[in-house]
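Beneath this line is the structure, given in structure tokens, with notes to follow.
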Amino acid sequence: MKVLIPGSFDPPTNGHIDVITRCSKVFDEVLVGVIVNPSKESLFSTDVRSEMLSEIFNKKKNINVKSFEGLLVDFAKKNNVNAIVKGLRAMTDFDYEFQMAQMNFNLADFETIFIPASPEYGYVSSSLVKEIHSYGGDVNELVPDNVLRRLKDD
Ligand code: PNS
């Protein structure tokens, strides 16, 4: 079974890495879909966000990274994925994710599978990483090394 994990990944966090890695043990193939223009203004370009993820997973044969524009279901169809996977950190994520899951099913019959975040990453989000880093706080424990390097170069 091939699944698609979509997101902005601006930047990828240890929470994202955990969900993607765990999925790669459950499913045959994982495609990580990096959205080209997230609705929020992005800190990193699409190329850099995709590059960081590709670097992290370059040794994992069943994880691939691609960027996409437009509707998620069109990208999912084009890449022959069987289902969409989303990580959920807390119930606060649920309402919006539930709505998107129902919409994606309504649009193109794609099922969404929810994976709970590991407890140690339940509070980690890209937006908090950016905020903490912008005020000079330490995000060392929240992101992989290659992301930390890019944040420091920024
Ligand atoms: O990491 P994010 O920002 O929560 O990811 C959101 C994402 C990329 C999964 C969502 O915005 C999305 O699917 N965008 C593609 C456009 C689309 O299909 N919109 C309708 C969703 S029902």
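The values are calculated or read from the model by the stated rules, or taken from the named source; none is laboratory data. Remember, it's a predicted structure, so these values are computed and weren't measured experimentally. All Cβ positions, even for glycine, are placed from backbone atoms using ideal geometry, and neighbour counts span all protein chains on display. Please note that ligands, DNA and RNA were not included when accessible areas were found on the heavy atoms of the full protein model with its side chains. Shrake-Rupley method; radii C 1.70, N 1.55, O 1.52, S 1.80 Å.
Scanning the range 55-66 for residues that are within 14 Å of Pro6 (Cα to Cα) and surrounded by fewer than 17 Cβ atoms within 10 Å (Cβ to Cβ), we see that the one that is nearest to the ligand (Cβ to nearest atom) is Lys66.
Condition check ((1) more than 10 Å from the ligand (Cβ to nearest atom); (2) modelled with pLDDT under 95) across all residues:
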| residue | (1), (2) |
| --- | --- |
| His16 | no, no |
| Asp28 | yes, no |
| Gly33 | no, no |
| Pro38 | no, yes |
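Evaluate the range 94-103: report whether one residue or more is modelled with pLDDT under 95 and within 9 Å of the ligand (Cβ to nearest atom). No, because not a single residue in the range 94-103 is modelled with pLDDT under 95 and within 9 Å of the ligand (Cβ to nearest atom). In summary, Arg49 fulfils each of the numbered conditions (1) open to solvent by 100 Å² or more (accessible area, probe 1.4 Å); (2) within 11 Å of the ligand (Cβ to nearest atom) with the single exception of condition (1). Whenever a residue of the range 103-114 is in a loop (DSSP other than H, G, I, E, B), its partners that are open to solvent by 30 Å² or more (accessible area, probe 1.4 Å), lying with C-beta atoms within less than 9 angstrom and at least six residues away or across chains, give the pairs Phe110/Lys77; Phe110/Asn82.
Yes/no per residue for (1) touching a Cys at 6+ places or on another chain (Cβ under 8 Å); (2) closer than 29 Å to Lys2 by Cβ; (3) open to solvent by 90 Å² or more (accessible area, probe 1.4 Å):
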| site | (1), (2), (3) |
| --- | --- |
| Lys86 | no, yes, no |
| Ala90 | no, yes, no |
| Asp95 | no, yes, yes |
| Pro116 | no, yes, no |
| Glu141 | no, no, yes |
| Arg149 | no, no, yes |
